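Comments concern the structure below.
The values are calculated or read from the model by the stated rules, or taken from the named source; none is laboratory data. Since this is a predicted model, take the numbers as computed values, not measurements. Every residue, glycine as well, gets a Cβ built from its backbone with ideal geometry; the counts of neighbours run over all protein chains shown.
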Amino acid sequence: MIPVSCDRLVHPPSLDVCEAAERSNSDVVGFLLQEVDLDAMPRPADERLAEALAPLRTKLDMIIGLLGRLTYRHIELPPIHDIEFEPSGIAWLSPGALDPGDWLRISLFFHPIFREPVVVFGKVTSCAEDGRSDRWRLQADLAEMPNDIRDNILRLAFLTLRRQWAQRPVHSTLRGDA
């Protein structure tokens, strides 16, 4: 579940617009994956060193969070949606219906502090009313993009999902809440 915004386009995105989005996505996804890779690095076995560095890490996290809030304070995150990714497509529940064949500019916000979106373009393939809610299930094929960027976006989505599952309270998981 991530904040997502979607804008309907009048025409398919131009080559220049796609290339600009690819450059931006490469930078944003690279930055976010760098944080994930740093968190996954092995930690020193010396417990005293880890204890001594813990206050410093806490202060650095606080400073980075404050800088992020100052830098992005004017950017409101869009509503959170449950997103389904496939190698060539994306699906989610939308508050409004769209017509098959409509082109979309989809902004995905993977980090609550670093509010730079990953922008993908998609063509709506189906839109059906969801029987369980008053929303519409949208499916879109993603526009062509380099494989390395697509793979990194999918990796970031998977790692975001894994982090969300890890941060869920244990008591709600034991009760069977989903």
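Structure above, values below:
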{"item": "Of all residues making up region 119-143, the number that are in a loop (DSSP other than H, G, I, E, B), modelled with pLDDT of 90 or more and more than 10 Å from Leu104 (Cβ to Cβ)", "result": "0"}
{"item": "Of all residues making up region 95-128, the number that are of a type in the set (D, E, K, R) and touching a strand residue (DSSP E or B) at 6+ places or on another chain (Cβ under 7 Å)", "result": "4"}
{"item": "Residue selected from region 90-112 under the condition free of Cβ contacts under 8 Å to residues at least 60 places away in the same chain, touching a Ser or Thr at 6+ places or on another chain (Cβ under 9 Å) and part of a loop (DSSP other than H, G, I, E, B), by the criterion farthest from Glu144 (Cα to Cα)", "result": "Pro100"}
{"item": "Checklist (1) surrounded by 10 or more Cβ atoms within 10 Å (Cβ to Cβ); (2) modelled with pLDDT under 90; (3) closer than 27 Å to Trp103 by Cβ applied to Tyr72, failing item", "result": "(3)"}
{"item": "Hits in region 124-157 (condition: of a type outside the set (Phe, Trp, Tyr) and more than 19 Å from the chain's Cα centre (by Cα))", "result": "Val124, Thr125, Ser126, Cys127, Ala128, Glu129, Asp130, Gly131, Arg132, Ser133, Asp134, Arg135"}
